[in-house]
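The values are calculated or read from the model by the stated rules, or taken from the named source; none is laboratory data. Small disclaimer: the values here were computed from a predicted structure and weren't measured. Backbone-built Cβ (ideal geometry, glycine too); neighbour counts: all protein chains shown. Protein only, heavy atoms only, side chains kept; ligands, DNA and RNA dropped before computing areas. Shrake-Rupley method; radii C 1.70, N 1.55, O 1.52, S 1.80 Å.
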Amino acid sequence: MTSPEPLRDAAGLANKRRRLRRLRIGALLLLGLAVAGMLVSAAFGGTGAWAWSMAFCEAAAVGALADWFAVTALFRRPLGLPIPHTDVLARRKAQIGDGLAGFVSDHFLRPELLAAKLREQDFVRRFAARMSQPEDARRVAGRVRGYALELFDTVVGSQLEALIAGVLRRALERLDVSRLSGNWLDLLTRDDRHHAALDEFLLWLADLLGDEAVQDRIFRSIVVGIENKSGWWKALNTVGLADLVSGEITRSLPAMIASLQDSLRDPAHPNRAAFDAWLSDAIERLQHDPLTQAWLNERVRGFTDSAEFRTYLTGVGRDARDWLRADLAREDSVLAGWLATGLTGFAVRLQADAALREELEGQIERLAVALAPAVDGFIHRHIRQTVRKWDERDLIAELELEIGSDLQYIRFNGTLVGGLIGLLLHALVVFVPPWFG
């Protein structure tokens with residue numbers, strides 16, 4: 001069984017306990033005075049003025065005792081006796097929880113009430129007026145940064161690296177690389193945009209291959225590569241034929257590229273038409289051929305499943321996590337600056353655009369109305385379950401501490417009002433019978 005948590009400080013609790021104790025003692029003393037007055041009046045014969053005193057004190061004592069019983073019966077059994085309809089709060093704890101939950105639902109969480117309250121608050125206009133001030137926007141962004149940093153350190157930080165890597169990997173796995181590549185190529189080839197880029201690339205490549213130093217590196221790469229794989233190349237090289245063949249290949253590359261580039265500059269050249277046909281066929285197969293799509297997507301999935309790629313993604317996730325943590329820790333956070341600038345810009349736009357304000361207010365209102373049943377159900381269940389879990393004695397102690405002081409005044413009033421009623425009844429007994437004599 002759990003107990004209701006008091007939302008007061010220790011000093012406040014102590015003051016309330018002392019006040020309740022003083023009022024209880026005061027009510028008890030008043031009852032004692034009424035009983036003492038009644039006994040003294042009886043000792044002096046209970047006639048004359050003492051009869052009036054007797055009437056007042058008797059009625060006051062009865063009123064005090066009746067109200068003591070009523071107040072005590074709310075919280076416990078008077079004198080520990082099993083009197084029916086006492087210890088009310090403890091016995092009806094479940095009904096109290098249900099009633100409290102129903103009260104909150106009916107008076108605070110009904111959709112129409114929420115909608116009316118949102119309209120009354122004019123939240124969007126107030127937000128725009130506040131956030132249009134750069135200083136206020138920076139202050140809000142700073143608070144968000146602080147909350148985000150605290151959340152990062154307590155919950156997110158240890159999981160963010162794996163989360164980022166996992167999100168990137170799943171996104172790549174779901175990506176239709178073939179269709180996407182086909183779409184991009186289709187976009188790049190519209191209006192023959194690719195020809196200009198191809199021409200520039202071939203011209204650059206021809207200039208590069210025309211450099212003797214580059215030719216020498218290519219020559220050596222060819223020779224070394226073939227020597228490592230072919231014994232007959234070594235035999236040719238012994239008579240100088242290998243060097244001759246490699247040199248001719250290397251020196252002919254610039255001329256070959258230049259010739260190709262010149263042919264592609266001619267819009268009617270067969271090589272250009274062949275290139276366009278090949279590119280169109282590639283785009284068609286990438287976009288619509290199941291076999292091509294399956295082959296390319298399978299190659300990509302094999303790459304994304306490789307240990308090397310997973311290691312790379314983990315590194316990306318780690319770098320992103322470290323950057324985010326470092327940025328959130330800075331007073332001049334880049335993310336907080338972006339947020340502040342965005343808030344100010346959006347607020348200025350809201351102030352200038354009445355239609356946008358109205359639309360946003362409508363969206364907020366509709367969202368609140370849509371969420372109201374779920375929130376209502378959650379709060380209703382939460383209140384009921386929380387009250388049901390409270391320990392009865394602790395619940396009584398809490399309630400008595402909160403309202404017990406006011407209830408003691410009922411005992412004061414009952415004592416005094418009872419005495420006055422006693423005087424009135426005694427007056428009726430004394431003065432009314434002679435009128436009918």
Open item on the list: Quick check: Cα centre of the stretch 326-387 to Cα centre of the stretch 95-156, how many Å?
Closed with: 7 Å
Open item on the list: If you roll a 1.4 angstrom probe over the protein chains with everything in place, what fraction of the accessible area of the stretch 286-437 belongs to carbon and sulfur, to the nearest %?
Closed with: 66 percent
Open item on the list: List the GluC sites (Glu not before Pro) within the stretch 314-399 that DSSP assigns to loop and that have no more than 11 neighbouring Cβ atoms inside 10 Å.
Closed with: Glu331
Task: Local electrostatic count at Asp406 - Lys and Arg +1, Asp and Glu -1, tallied over other residues with Cβ under 12 Å - done: +1
Task: Charge context of Leu339, other residues only, Cβ under 12 angstrom, K/R +1, D/E -1 - done: +3
Open item on the list: At R0 = 30 Å, how high is the FRET efficiency between Val417 and Ile25 if r is their beta carbon distance? Nearest 0.05 is fine.
Closed with: 0.90
Task: the stretch 1-91 - accessible surface per residue (Å², probe 1.4 Å) - done: 61 Å²
TODO: Restrict the search to the stretch 56-130; then list the trypsin sites (Lys or Arg not before Pro) that DSSP places in a loop and that have at most 14 other Cβ atoms within 10 Å of their Cβ.
DONE: Arg92
Open item on the list: Could you tell me which residue out of Pro290, Ala273, Trp323 lies farthest along the dipole of the stretch 268-323 toward its positive end? Charges go on the beta carbon: Lys and Arg +1, Asp and Glu -1, centred on the Cα centre.
Closed with: Trp323
- [ ] Tell me the label-point distance for the pair Leu401, Thr386, using the 7 Å Cα-to-Cβ offset, in nm and rounded to one decimal.
- [x] 1.7 nm
Open item on the list: Give me the base-10 log of I(q)/I(0) for the stretch 305-397 at each q in 0.26 Å⁻¹, Debye formula, one uniform scatterer per Cα, rounded to two decimals.
Closed with: -1.20
Open item on the list: Please give me the summed charge of the neighbours of Leu286: other residues whose Cβ is under 15 Å from its Cβ, Lys and Arg +1, Asp and Glu -1.
Closed with: -3
